[in-house]
Amino acid sequence: MKHKVSVIVPCMNVEQTVDVALQSLKDQSFSDLEILALNDGSTDQTLAHLQAQADRDPRIRVIDRPNSGYGATCNLGFEQATGDYLAILEPDDSVEPDFFSDLLAFADTFPKPVDVIKAAYWRLFEGENGGKPMRIPCAYYHRIHPLQQPFAITEAQEFLLHHPAIWSALYRRDWIEEKHIRFLPIPGAGWSDNPFLIETLCQTDRIAYVDKPYYRYHENSAQQAQAQLRKHPLMPMERIEDMLDVADRLKIHESKVQEALTVRALNYAQLSVNAAGLTYPGLYDAIERCYRRLDSEIVLNSSIIAPGAKRRYCAIVGIEAPNISDLSYLPHVMSETAYRLVTDGPRFTFGALRHAPNQRDSKASENDKR
């Protein structure tokens, strides 16, 4: 089939990285691209870099706008797009040359259009003392095993348990318009990818998945992520509330989706507490308000929620904690450790598990690179 992909590149003060990002698009084996480079009120030389790139490649269209945040900028890109599939590239990341061609070729093997074409991705960590970056696959690599393709999100809970990774995908534009899917226009970055994840993956049963990493996602350091959270410690709780709102509006009751949202809620609460402490103004109330929206049976019976998180939940909502055995969590810990040892190696595995409060890919979820 004949396709055209519109790639939205939301840019703000990324003069040092945007050329690499755009070059990775220009190097794609799939050439029918519309590259919408949106300058979101940058105060450095980002706009000049975008214009220089556009002068060299007519597929790049620069849109300059006052600063309005990641979500509103992506929304403008959606409105300006003319391709039949939409993609998002963050301007400090890049993509492998066959990203679009491989995903589109796979989608074309099915008789009906695919709404979301997902792929695995690489997590890149800066090397020590300026050395070579460390590269590991994302936390759902080799974990998505649907009975058939395309499939619904109930067969791929792992997509909801880890980093939203909304950019490691293609979205069919007609379907996006039919469902009226947009980002929340949150100031700054604001983790607006969180509710978008639910808006997309929970409104279709036509998801396709390629278990190969194509997108190169540059991670913030743990110190950077923690510093950003200290600036906005209520943000994780605001975003999980948005995710729960979307699930309520769409009347999503599937147990796998609800369990994933519950895991994320408990994890985000812990991230906020770690960043600012439970006495931070408004944080306890925000956590309690969120916890009261959760299903206590899911919290207490889930095998992937740590016993400590279950006890904290009971304490905050004011219910008597049942006899929660720490041993009940051991199979999950052993399974997770084994998976990470195989895919990530021992050095990263033990460092990541040491910092993760509950969610399997929690460190990635702390990131707010914008």
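The values are calculated or read from the model by the stated rules, or taken from the named source; none is laboratory data. Since the model is a prediction, treat every value here as computed from it, not as a measurement. Counting neighbours? That spans all protein chains shown, and the Cβs are built from the backbone with ideal geometry, glycine included. Side chains included, ligands, DNA and RNA excluded: accessible areas come from the protein's heavy atoms. Shrake-Rupley method; radii C 1.70, N 1.55, O 1.52, S 1.80 Å.
Before moving on, here are some points about what is shown:
- Test result for Ala269, closer than 29 Å to Arg135 by Cα and modelled with pLDDT of 95 or more: yes
- Evaluation of Gly71 against (1) over 17 Å from the mean Cα position of the chain (by Cα); (2) not in a loop (DSSP other than H, G, I, E, B) (one fails), failing number: (1)
- Matching residues, segment 312-326, being over 24 Å from Lys256 (Cβ atoms), open to solvent by 70 Å² or more (accessible area, probe 1.4 Å) and assigned to a helix (DSSP H, G or I): Ala315, Asp326
- Of the helices (runs of 4 or more DSSP H) that lie entirely inside segment 127-208, those containing 2 or more residues that are crowded, with 22+ Cβ neighbours inside 10 Å span 158-161, 193-201.
- Residue count for segment 150-207, restricted to those that are basic (Lys, Arg) and in contact with a helix residue (DSSP H, G or I) (Cβ under 6 Å, 6 or more places away or on another chain): 1.
- Residues that are over 23 Å from Pro233 (Cβ atoms) and either outside any helix (DSSP H, G or I) or open to solvent by 20 Å² or more (accessible area, probe 1.4 Å) (or both) within segment 256-304 comprise Lys256, Gln258, Glu259, Asp295, Ser296, Glu297, Ile298, Leu300, Asn301, Ser302, Ser303, Ile304, listed in sequence order.
- In this structure, Ser68 does satisfy being open to solvent by less than 50 Å² (accessible area, probe 1.4 Å), within 22 Å of Asn194 (Cα to Cα), among the small types (Gly, Ala, Ser) and at pLDDT 95 or above.
- Within the set Leu86, Leu104, the sole residue that is in a helix (DSSP H, G or I) and within 24 Å of Leu36 (Cα to Cα) turns out to be Leu104.
- Residue within segment 229-241 that is over 29 Å from Ser303 (Cα atoms) and part of a helix (DSSP H, G or I) present: yes
- Inter-residue pairs, beta-carbon under 8 Å, first within 20 Å of Ala52 (Cα to Cα) and at pLDDT 95 or above and in segment 22-36, second assigned to a loop (DSSP other than H, G, I, E, B) and among the aliphatic types (A, V, I, L, M), 6+ apart: Ser24/Leu89; Leu25/Leu89; Glu34/Ala81; Leu36/Ala81
- Within segment 93-123, the set of residues being open to solvent by less than 40 Å² (accessible area, probe 1.4 Å) and within 15 Å of the chain's Cα centre (by Cα) comprises Asp93, Val116, Ile117, Lys118, Ala119, Ala120, Tyr121, Arg123.
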